[in-house]
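Student: Have a look at the structure that comes next, please.
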Amino acid sequence: MSKQTVRKTIKLDANLWSSFQEKIEQEYGTTYKHTSEEIENAIANYINKDIQDIEKTKTIIQNLKYENESLKSENTSLTKEIKSITTEHLKLTNENKKHTSTIDTQKSSIELLESKNLNLENKIQQLEIELNRVNSLNNDNVEEIKILKENNKVLEEKYIEQVETTNKQVQENTKIKNKREHAQERLNKTQDELNETLKRLEKYSYAIGQVQHMNIIDRILNRLPQQVKELQAATYEKKE
């Protein structure tokens, strides 16, 4: 049974066709009959290899999609972490303001107690001087001095207690301030990681679009975009 043939008219780039003819002449010395044979061979090779090329391209696209989903998940996780850190930072800031206000109030109370204590000491001294001057054991004055001394002792104890409480508040406020600064550092670091992830996500999304828009000639010649080649190399090294 004789081999059936068909005649087709197609449009080709003139320079490409000229190079093709020159190649045939270099191989066979003439283009007679060999042009059709080489075109048939090219079509046969395309049919046999096209399936493999398509599968490779599908695999590349699938890998890029997996990486894209992974980056989206990482982006969501980092966004939640930033929100949590921001909330914690705000909480610590409010606590710091609250403790600062408490410390200011306690300092004012200490100053008031110091003023009262000084006034009482002055009053005691005046009464003692008056008592010595008149050399009289006035019961009322003695009792008043006793009460004033007791009040002064109570105020001194309150003063000491207030000072200790204020010192504790200052220490607590310092701890909160350190925690807030640490939270700020974590927030900055996580923000940097989120920005880097968004850049990588944009790169992978662009690469997927490039692969999906490859024309048939680029697929035959396996001419992948430079962005996809770079992504392939990075993925291969990571698996290794």
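Student: List the pairs whose first member sits in segment 22-37 and is within 16 Å of residue 5 (Cα to Cα), whose second member is of a type in the set (Ser, Thr, Tyr), and whose Cβ atoms are under 6 Å apart, counting only residues at least 6 apart or on separate chains?
Tutor: 34/28
Student: Taking the condition of being touching a helix residue (DSSP H, G or I) at 6+ places or on another chain (Cβ under 7 Å), closer than 18 Å to residue 107 by Cβ, open to solvent by 60 Å² or more (accessible area, probe 1.4 Å) and of a type outside the set (A, V, I, L, M), how many residues in segment 162-188 meet it?
Tutor: Here the count works out to 2.
Student: Among all residue pairs at least 6 apart or on different chains, which show Cβ distances below 6 Å where the first residue, located in segment 192-218, is within 14 Å of residue 73 (Cα to Cα) and the second is modelled with pLDDT of 75 or more?
Tutor: Sorted first by the residue in segment 192-218, then by its partner, the pairs are 193/78; 194/78; 197/74; 197/75.
Student: For segment 71-118, which residues satisfy the criterion of being within 17 Å of residue 198 (Cα to Cα) and not polar (S, T, N, Q)?
Tutor: Of everything in segment 71-118, those that are within 17 Å of residue 198 (Cα to Cα) and not polar (S, T, N, Q) turn out to be 71, 72, 74, 78, 80, 81, 82, 83.
Student: Out of everything in segment 189-219 that is open to solvent by 70 Å² or more (accessible area, probe 1.4 Å) and of a type in the set (A, V, I, L, M, F, W, C), what residue ends up being nearest to residue 84 (Cα to Cα)?
Tutor: 198
Student: For the structure I just gave you, tell me whether residue 79 is surrounded by 15 or more Cβ atoms within 10 Å (Cβ to Cβ), at pLDDT 85 or above and among the polar types (S, T, N, Q).
Tutor: For residue 79, the condition - surrounded by 15 or more Cβ atoms within 10 Å (Cβ to Cβ), at pLDDT 85 or above and among the polar types (S, T, N, Q) - is not met.
Student: Criterion first (of a type in the set (Gly, Ala, Ser), modelled with pLDDT under 85 and either on the phi < 0 side of the Ramachandran plot or in a helix (DSSP H, G or I) (or both)) does residue 115 satisfy it?
Tutor: On the way: of a type in the set (Gly, Ala, Ser): yes; modelled with pLDDT under 85: no; either on the phi < 0 side of the Ramachandran plot or in a helix (DSSP H, G or I) (or both): yes.
Considered against the rule, which asks whether it is of a type in the set (Gly, Ala, Ser), modelled with pLDDT under 85 and either on the phi < 0 side of the Ramachandran plot or in a helix (DSSP H, G or I) (or both), residue 115 comes out as no.
The values are calculated or read from the model by the stated rules, or taken from the named source; none is laboratory data. Here the structure is a predicted model, which means the values were calculated and not measured. Ideal geometry is used to build each Cβ from the backbone, glycine not excepted, and the neighbour counts take in all protein chains shown. Protein only, heavy atoms only, side chains kept; ligands, DNA and RNA dropped before computing areas. Shrake-Rupley method; radii C 1.70, N 1.55, O 1.52, S 1.80 Å.
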